[in-house]
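See below for the structure under consideration.
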Amino acid sequence: MKKINRFIYWTPRILSILFILFVMMFSLDVFDGNYGFWGTVLALFMHNIPAFVLIAVLVISWKHEVVGGVGFIFAGLLYIVLTLIRGVPWYQVLSWSMIITGPAFLVGILFLINWYRKKKK
């Protein structure tokens, strides 16, 4: 495998792992509340549902890159739509979307590039 092909193969996978860890980091705020043990476990599970979905997308996209491309781009678009529905001002949606959806879009595009190059061969 050429050096550029290895870069295109591994970059979206590594970035998606880092992105999922970044998303999971936001669930650590449940430890501030007084929920008790089972309440904290439930809150931690509920906060990490998006990360679990992204982990499933990553596992499937390890061999089928198109799933990762579509999945991560869809996750970014879903975040933007859900943020707009909550009535958040547009300038906050723009700044939040750069932080949250920017990496998701990048990972999705890299998966699609890898899928296209693989399909082309």
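Taking the criterion of being among the small types (Gly, Ala, Ser), at pLDDT 85 or above and surrounded by fewer than 18 Cβ atoms within 10 Å (Cβ to Cβ), the only residue of the stretch 55-94 that qualifies is ALA56. Evaluate the following for ILE8: is it of a type in the set (Val, Ile, Thr), surrounded by 13 or more Cβ atoms within 10 Å (Cβ to Cβ) and more than 28 Å from LYS121 (Cβ to Cβ)? No: the conditions fail for ILE8.
Among the criteria (1) at pLDDT 90 or above; (2) over 20 Å from the mean Cα position of the chain (by Cα); (3) not basic (Lys, Arg), the one MET1 does not fulfil is (1). For the stretch 25-59, the set of residues classified as of a type in the set (Ser, Thr, Tyr) and in a helix (DSSP H, G or I) consists of SER27, THR40, listed by residue number. For MET98, the conditions (1) of a type outside the set (Gly, Ala, Ser); (2) closer than 26 Å to LYS118 by Cβ; (3) assigned to a helix (DSSP H, G or I); (4) more than 11 Å from the chain's Cα centre (by Cα) all hold with the exception of (2).
The values are calculated or read from the model by the stated rules, or taken from the named source; none is laboratory data. All figures in this text were calculated on a predicted structure; none of them were measured in a lab. For neighbour counting, all protein chains shown are included, and Cβ atoms are generated from backbone atoms with ideal geometry for every residue, glycine included.
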